[in-house]
């Protein structure tokens, strides 16, 4: 058997899976302990190099999505692609064992057949999304990313190619509902801009610049609050090359 560790960064392969899979949980545990716990912890609690597998984000992944993450990895993160290191059964065994760490039975419901994309343009677009373009700082897809901008899963079902590119080139033209922007002028003259919620006669909350917490501003304690017609989304897309733009589009259309 070839060296598994040496192959963790090799090319992603396509996996076709259907119906319900009964994973070999014991075999999955052995594989997990040998190759996964170093990053994710013996009980899936997470380590410095890997996120917890027992938190709400990991538990929300469908079985199909979990298998895809193990197979493809996650571009822009430390999660390697194991599709060229493990065969299909071994990947299912690992996924089944992860489900037992989350309190499940280890039986995977994979639903209809699904093909994990290995389109080079899609993969390159995902790398740009998580890397140079820094889109994941603000946007979530497949339960990863930020919360400053809209979730992008299924975006291609809401926007055709022309509207999607328009949104990338001119994000202020149409701001998605729930992501409108307010400007708060503090008493020292500093301007705070951000997504807002829970506005009342007395106060409102603005999402912090890092997208991690909501900050309350009392209207009586600031100089003023006004609507902003400018999106928080920077004009990154316009700075990319034509090839990079095509790659970003290919990735977004794959979601």
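Readers should treat all values here as calculations from the given coordinates under stated rules, not as data from a laboratory. Source: prediction; values computed, not measured. Ideal geometry is used to build each Cβ from the backbone, glycine not excepted, and the neighbour counts take in all protein chains shown.
Using only Cα atoms, tell me the angle between helix 120-130 and the longest principal axis of the chain; keep it within 0 to 90° and round to the nearest 10.
The angle comes out at about 50 degrees.
Calculate the spin-label point distance for residue 197 paired with residue 255, positioning each point 7 Å from the Cα along the beta-carbon direction, and give it in nanometres.
About 1.9 nm, to one decimal.
Tell me, what is the FRET efficiency for residue 236 and residue 109 to the nearest 0.05, using R0 = 45 angstrom and their Cβ-Cβ distance as r? Display every interim value, and only then the final one.
On the way: r = 38 Å, r/R0 = 0.85.
With a Förster radius of 45 Å, E is 0.75.
Label-point separation (nm) for residue 60 and residue 27, each offset 7 Å from Cα along Cα-to-Cβ?
That separation, rounded to one decimal, is 3.3 nm.
For the chain, what is the mean residue ellipticity at 222 nm derived from helices alone (per DSSP H run of n ≥ 4: -39500 (n - 2.57); sum divided by total residues; nearest 500 deg cm²/dmol)? Please list the in-between numbers first.
On the way: 8 runs with 73 residues, N = 255.
Here the helix-only value at 222 nm equals -8000 deg cm²/dmol.
Once you keep just the Cα pairs under 8 angstrom separated by 6 or more residues, what percentage relative contact order results for the chain? Mind dumping the intermediate values first?
Numbers: 430 pairs, mean separation 48.2, N = 255.
Contact order relative to length: 19 percent.
Assuming R0 = 35 Å, what is the FRET efficiency of residue 47 and residue 246, from their Cβ-Cβ distance, to the nearest 0.05? Write out the running numbers ahead of the final one.
Working: r = 37 Å, r/R0 = 1.06.
After rounding, the FRET efficiency stands at 0.40.
Can you list the residues of the range 144-159 with backbone N under 14 Å from a point 7 Å past the Cα of residue 119, pointing along Cα to Cβ?
Output list for this probe position: 154-157.
Across 5 Å bins from the origin, how do the percents of Cα pairs in the range 181-228 run, short distances first?
Reading the bins upward from 0: 5, 25, 36, 26, 8, 0.
Take the Cβ-Cβ distance between residue 137 and residue 226 as r, set R0 to 22 Å, and report the resulting FRET efficiency rounded to the nearest 0.05. Each step should come with its number before you reach the end.
Values: r = 25 Å, r/R0 = 1.15.
In this case the efficiency is close to 0.30.
Could you give P(r) for the chain, binned at 10 Å from zero, as whole percent values over all Cα-Cα pairs?
Percent of pairs per bin, in order: 7, 26, 28, 21, 13, 5, 0.
Note down the Stokes-Einstein diffusion coefficient of the range 75-180 in µm²/s, whole number, using a Kirkwood radius over alpha carbon pairs, 4 °C, and 1.567 mPa s.
Values: Rh = 16.7 Å.
Calculated translational D: 78 µm²/s.
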